[in-house]
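To start, the structure under review is shown below, and the notes come after it.
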Amino acid sequence: MLRFFKKTPTAPSDLYQRNAPKGRAVFNSLIVKEVRRETEDCVSLSFELPERLREDYRFLPGQYLTLKNRIEGEEIRRSYSICSSPFEGELRVAVKEVERGRFSTYANRELRAGERLDVMTPEGRFTFQPQEQREAVYVGFAAGSGITPILSILKTVLEREPRSRFLLFYGNRKSASIIFKNELDDLKDRYLGRLEVHHVLSREDQGSDALKGRIDEVKCRLFADRFFTAAQVESYYLCGPEDMTQQLRSVLSELGVPKERVLYELFTAAQTGDPAKILKQANVPAGRNAAITVILDGEETHFDMDFNRGSVLDAALDAGADVPFACKGAVCCTCRAKVLEGEVEMDMNYALEDDEVEEGCVLTCQSHPRTDRVVISYDA
Ligand code: FES
């Protein structure tokens with residue numbers, strides 16, 4: 001893992017998060033400052049940040065915001081990666097419209113500047129911490145809107161590590177669907193020789209077989225042969241569908257890259273998922289109840305729940321505890337808490353490191369009680 005960096009003089013307007021970890025993530029109502037069309041099916045949203053909240057919204061490149069709104073009477077939460085770098089002094093996310101995506105359709109078609117959204121303070125561990133003296137090569141693999149956190153990271157590399165280079169392999173269907181194409185072109189011109197961008201298009205011929213199709217294990221090997229020396233890369237940043245991510249991780253591992261140098265972020269957890277991350281369900285008889293205590297901001301909430309029905313997170317919400325969550329899919333880690341007493345079992349885990357699990361941390365959106373009494377703290 002990269003070490004937390006020491007110091008870099010920064011402009012007064014930057015939003016760099018210097019002192020991690022911050023407190024628990026909370027929502028604030030923010031005014032949408034700008035809705036900017038990036039491509040036919042993607043907008044980016046920036047937010048007005050009142051002075052009193054600037055500290056709370058400092059972020060590391062690669063982190064995301066969870067947005068909340070009521071749409072047709074129902075509360076919808078979705079997480080979107082921040083595409084600005086902390087040194088640009090603005091908070092901006094990109095929202096790509098997905099089929100039947102209620103929030104993304106609303107953001108792309110209805111949301112206007114001046115309206116308010118509930119915005120959670122920044123979260124996420126797919127991050128980069130610059131060191132001004134470092135001279136390194138970084139490689140990013142992105143597909144579609146997976147560019148968003150990687151754009152923030154690469155802008156930080158270019159701005160804060162003047163001797164480092166970034167190689168980006170970016171997959172899309174066609175040129176017109178490339179999000180941030182102009183910005184990437186501008187960055188290449190501005191930081192001459194330090195940013196390489198290779199567009200890989202599945203439905204458009206660019207005159208090169210290497211750049212036609214999807215980013216997969218074959219392409220990864222090819223790129224490693226042609227463009228970089230796998231073992232000399234400081235860190236890899238992967239963001240896209242799970243299938244792409246798993247293929248790249250396995251090729252990089254075969255090429256001798258230690259796994260701690262490969263950081264990845266999934267769009268969502270696939271239904272099938274990485275078998276290693278889908279945890280076994282114990283065979284527990286139906287109708288057995290556990291007494292749960294949830295601690296949040298020092299306050300205890302007590303409730304009973306069935307061993308097999310629903311998650312600890314949902315049961316806590318039903319009991320009136322304002323516990324944090326975003327994806328409910330084992331990916332974002334917003335619902336992380338620590339088991340202080342008893343045991344729970346998780347369905348899936350894409351977010352917690354092995355050592356955190358050993359320390360008793362769990363994703364409450366995936367957790368089911370396995371003892372008659374369980375005490376879980378969101379404060380620990
Ligand atoms: S809410 Fe995202 S991992 Fe639980």
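The values are calculated or read from the model by the stated rules, or taken from the named source; none is laboratory data. Keep in mind that this is a model prediction, so the values were computed, not measured. Here the Cβ positions follow ideal geometry from the backbone for every residue, glycine too, while neighbour counts run over all protein chains shown. Areas reflect the complete protein model, heavy atoms only, side chains present, ligands, DNA and RNA absent. Shrake-Rupley method; radii C 1.70, N 1.55, O 1.52, S 1.80 Å.
Please work out the average accessible area per residue across the chain, using the 1.4 Å probe convention, and give it in Å². Please report the intermediate quantities before stating the final value.
Details: 18060 Å² over 380 residues.
Per residue, the chain has 48 Å² of solvent-accessible surface.
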* Quick one: helix 181-190 against the long Cα principal axis of the chain, what's the angle to the nearest 10°, folded into 0 to 90? -> 60 degrees
* Asked: Once the Cα atoms of helix 147-160 and of the chain are each reduced to a long axis, what angle between those two axes, in degrees from 0 to 90 to the nearest 10, is obtained?
  -> 60 degrees
* Step through the residues of segment 131-137 one at a time and calculate ³J(HN,Hα) from phi using the Karplus curve (6.51 cos²θ - 1.76 cosθ + 1.60, θ = phi - 60°), rounding each to whole Hz and writing x for Gly and Pro. => 10, 4, 7, 5, 10, 9, 10
* Enumerate the calculated ³J(HN,Hα) couplings along segment 82-88 in order (Karplus 6.51 cos²θ - 1.76 cosθ + 1.60, θ = phi - 60°), each rounded to whole Hz, writing x wherever the residue is Gly or Pro. => 7, 9, 7, 8, x, 8, 8
* Round to the nearest 0.05 the FRET efficiency obtained for Glu196 and Arg100 when R0 = 41 Å and r is the Cβ-Cβ distance. => 0.70
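Could you tell me what percent of the accessible area of the chain is made up of carbon and sulfur, with a 1.4 Å probe and every protein chain present?
Working: 8020 of 18060 Å².
With neighbouring chains kept in place, the figure for the chain is 44 percent.
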* Net lengthening on full extension, Asp209/Arg112 (0.36 nm per residue, minus Cα-Cα) -> 30.8 nm
* Along Cα→Cβ, 7 Å out, is where each label goes; now give me the distance between the ones at Ile76 and Glu359 in nm to one decimal. => 3.6 nm
* Structure fact -> Mean-square fluctuation maximum in Gaussian network of the chain, Cα pairs under 10 Å, restricted to Gln129, Gln232, Gln246, hits Gln232
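Count the DSSP beta bridges whose two residues both fall in the chain, then state the antiparallel fraction as a percent rounded to the nearest 5. Numbers along the way, then the final one.
On the way: 46 of 77 bridges.
So the antiparallel bridges amount to about 60 percent of the total.
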* Give the angle, between 0 and 90 degrees and rounded to the nearest 10, that separates the Cα long axis of helix 217-226 from the longest principal axis of the Cα atoms of the chain. => 40 degrees
* May I ask you to compute the full-extension gain from Asn289 to Phe227, defined as 0.36 nm times their residue separation minus their alpha-carbon distance, rounded to one decimal in nm? => 16.6 nm
* **Low-density loop positions, trypsin sites (Lys or Arg not before Pro), segment 308-355 - DSSP coil, at most 15 other Cβ in 10 Å** => Arg309
